[in-house]
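To start, the structure under review is shown below, and the notes come after it.
The values are calculated or read from the model by the stated rules, or taken from the named source; none is laboratory data. As the structure is a prediction and not an experimental result, all values here were calculated from the model. Cβ placement follows ideal geometry from the backbone for every residue including glycine, while neighbour counts extend to all protein chains displayed. Keep in mind that these areas ignore ligands, DNA and RNA; they rest on the heavy atoms of the full protein, side chains included. Shrake-Rupley method; radii C 1.70, N 1.55, O 1.52, S 1.80 Å.
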Amino acid sequence: MIPARYGASRFPGKLMQDLAGKPVIVRTYEAAKATNLFDEVYVVTDSEVIFQEIEANGGKAIMSQKEHDCGSDRIAEAVENMDIDIVVNVQGDEPFTSREGLEKVLAVFNEPDADKIDLASLMTEIHDWKEINDPNTVKVIVDKDNFALYFSRSPIPYPRDKNVEIQYYKHKGIYAFRKQAIMDFYRLPMRSLEAVEKIECIRYLEYGKNIKMAVSNTTGVEIDTPEDLVRANKLLKESKPDAVNNKFRNFPMVPKVVFGEGCFDQLTSILSSHKKEKAPFIFLVDDVFEKNTEFLDRINLRFNDKLIFISAEEEPKTSQVDDLVKDIKAEFTYAPSGIIGIGGGTVMDLAKAVSIMLINKGSAADYQGWDLVKQKAVYHVGIPTISGTGAEVSRTTVLTGPVRKLGINSDFTPFDQVILDPDLTIGVPKNQWFYTGMDCFIHCVESLNGTFLNAFSQSYGEKAYDLCLEIFLGDSLSEEESRAKLMMASWHGGMSIAYSQVGVAHAMSYGLGYVLGTKHGVGNCIVFQHLEEFYPKDVALFKKMVEKHNIEIPQGICKNLSREQMETMITVALGMVPLWENALGSNWEAIITPEKLKELYLRM
Ligand code: NAD
Ligand code: ZN
């Protein structure tokens, strides 16, 4: 529900002001709808003008019958006779409302303490003292479980002791209410704290309700003043706010890489120049090597260096990253000299994420998305022991978080050093060799057939694609050549998507991974064999490779999904907007509907 009052006191008529060709309220409505998180989206308004504008743009609007002091009373009236669980209040003046924030505010209702929550809302870290002091910015303080203690236009807490480190939070006017909570409060009289601060949510505190706050650090622009509107217009004109698919990308590449059979033994000398006094190197090593003493002896632990075995049984999780970081911080006083990941994509991604989270505050889940990492990571080294994902070269680390499966994609994610030793891949079991190798093949197919393709991506993609055909369909390579070439195919495949994007198979594979825990490589294979419609030539080649190597691809894995599981799977897949845009163009939503996805999943 988007409550929309025409006569805002600070900036009258603001919701009907023009924002890059459409009124602010229409932009907000479209943004809320585009999140795909809601069964229905409505604007609730006292204004005929707003009502008609929304309807004219194909949206749904409700006229409030009564006078209301605040947005939630307006919503309460509108939902009184509707059959709903949770209603979310999206402010009309937040045209850049993002899926990320709304997802977080909804996610709290799945946490263990959910039954204590009457309503949930969002807060954002703020650092600039001017903003902290600005009465237009509502600050919030919370208890240890993130329940709100108070909201104020004053800086809270007051920083009497300047030496105490304190994080200030700004409140974002997005709420998710249980229906009962909003009805309980309907027309309760305003009390003095709310009246004097002019902050609506204080009323809930004054009546003793529990407001759970979720942290969301994506910044939007609220339209509170005419200056905000100028800024927002500029933002929309200069760049799309979610400039993921921007035409020009300025991305870092791995600055140092060593290649060749046996080059793993360079590790000790490479690390020696990065050793900081008293600060250990932490080695994250795939536990498949746990009993392989010959290999472990080559790692050469020094001083207080630490080796942690990692199971690649499950896809890496944000909570796993948080736990690793907590343990490392608890054990060592000094930030590590470096993190060295030795393993497959799973360990590569964990090593990247841990190195970021040793420096950046909060949970890894806070950084899932594009360019949310603010501080440089600890020095980190990637040493792949299986080829295909391109995780050794990419700018992302794919993690399963509490609300989504998404990468931490940032300039600080790529490794500072990579060691490519094809001999390390000698022990990889055949099926796994194929699944992970196909990840590379599918990266190339999706990049080369995507709408984002340019010569940069194409030159890497074509090379990797040809290498894959040589390795998986040819007969002329020795095992040794094949290992070396697959390692380079993985690298080039990763580079190819750096300037483009993956596509249909990955979007759908993410859905499988999120709901069923299906691993990335095999998940891609399960999906890809059914995508003739999108990639006809390459699906045919893929089937030949499966046959040639006598590989088993699991079948029928979506047969017994519950309705809810299927819906989640579809929502997760549809949420991968840049992937669909790459695969099918900006009009992708007309082609890939939830029904279409369901039909495809049911075939798998
Ligand atoms: P993996 O890391 O999950 O490993 C698969 C299996 O191979 C594990 O059982 C592992 O123990 C075993 N293994 C690895 N090396 C071995 C060796 N030398 N000998 C014997 N067994 C060995 O597999 P993966 O396919 O490399 O990685 C998948 C992960 O990579 C997923 O989590 C996926 O999300 C991620 N990924 C990341 C990116 C990125 O750009 N960051 C890209 C693609 C995939
Ligand atoms: Zn992949």
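Taking the criterion of being over 21 Å from H443 (Cβ atoms) and in a loop (DSSP other than H, G, I, E, B), the residues of the stretch 377-403 that qualify are A377, V378, Y379, G401, P402, V403. Residue pairs whose Cβ atoms lie under 7 Å apart, sitting 6 or more positions apart in sequence or on different chains, and linking a residue in the stretch 183-207 that is more than 16 Å from L119 (Cα to Cα) to a partner that is modelled with pLDDT under 95 and among the hydrophobic types (A, V, I, L, M, F, W, C), are L193/I202; E194/I202. For the stretch 550-564, the criterion of being among the charged types (D, E, K, R) and at pLDDT 95 or above is met by no residue.
Is there a residue being under 24 Å from G260 (Cβ atoms), within 16 Å of ligand 2 (Cβ to nearest atom) and surrounded by 18 or more Cβ atoms within 10 Å (Cβ to Cβ) anywhere in the stretch 451-460? Yes, the stretch 451-460 contains at least one residue that is under 24 Å from G260 (Cβ atoms), within 16 Å of ligand 2 (Cβ to nearest atom) and surrounded by 18 or more Cβ atoms within 10 Å (Cβ to Cβ).
The set of residues in the stretch 1-17 that are touching a residue at least 60 places away in the same chain (Cβ under 8 Å) and open to solvent by 70 Å² or more (accessible area, probe 1.4 Å) comprises R5, R10. Please specify each residue of the stretch 491-512 satisfying the condition of being within 10 Å of ligand 2 (Cβ to nearest atom) and either aliphatic (A, V, I, L, M) or open to solvent by less than 10 Å² (accessible area, probe 1.4 Å) (or both). Within the stretch 491-512, G493, G494, I497, V502, A505, H506, S509 qualify.
Here is a yes/no grid of residues against (1) within 17 Å of L597 (Cβ to Cβ); (2) not aromatic (F, W, Y):
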residue	(1), (2)
D538	no, yes
F542	no, no
N550	no, yes
I553	no, yes
C558	yes, yes
R563	yes, yes
T568	yes, yes
V577	yes, yes
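Would the stretch 561-572 turn up any residue that is crowded, with 23+ Cβ neighbours inside 10 Å and either more than 18 Å from the chain's Cα centre (by Cα) or aliphatic (A, V, I, L, M) (or both)? Yes, the stretch 561-572 contains at least one residue that is crowded, with 23+ Cβ neighbours inside 10 Å and either more than 18 Å from the chain's Cα centre (by Cα) or aliphatic (A, V, I, L, M) (or both).
Considering only residues in the stretch 376-431 that are crowded, with 22+ Cβ neighbours inside 10 Å and among the acidic types (D, E), the one that is farthest from ligand 1 (Cβ to nearest atom) turns out to be D421.
Does the stretch 227-234 contain at least one residue that is at pLDDT 85 or above, surrounded by fewer than 15 Cβ atoms within 10 Å (Cβ to Cβ) and of a type outside the set (A, V, I, L, M)?
No, the stretch 227-234 has no match at all.
Quick one: which helices (runs of 4 or more DSSP H) sit completely within the stretch 135-208 and have at least 1 residues that are surrounded by fewer than 21 Cβ atoms within 10 Å (Cβ to Cβ), modelled with pLDDT of 90 or more and touching a Lys or Arg at 6+ places or on another chain (Cβ under 8 Å)? Before the answer, list the steps.
Details: elements: 179-185, 192-197, 202-206.
Once the helices (runs of 4 or more DSSP H) in the stretch 135-208 are filtered for at least 1 residues that are surrounded by fewer than 21 Cβ atoms within 10 Å (Cβ to Cβ), modelled with pLDDT of 90 or more and touching a Lys or Arg at 6+ places or on another chain (Cβ under 8 Å), what remains is 192-197, 202-206.
I'd like to know if the stretch 467-479 contains one or more residues that are over 30 Å from N587 (Cβ atoms), under 25 Å from the mean Cα position of the chain (by Cα) and open to solvent by 10 Å² or more (accessible area, probe 1.4 Å). No, the stretch 467-479 has no match at all. Entry remark, the stretch 107-123: residues being closer than 13 Å to I211 by Cα and open to solvent by less than 40 Å² (accessible area, probe 1.4 Å) number 11 in total.
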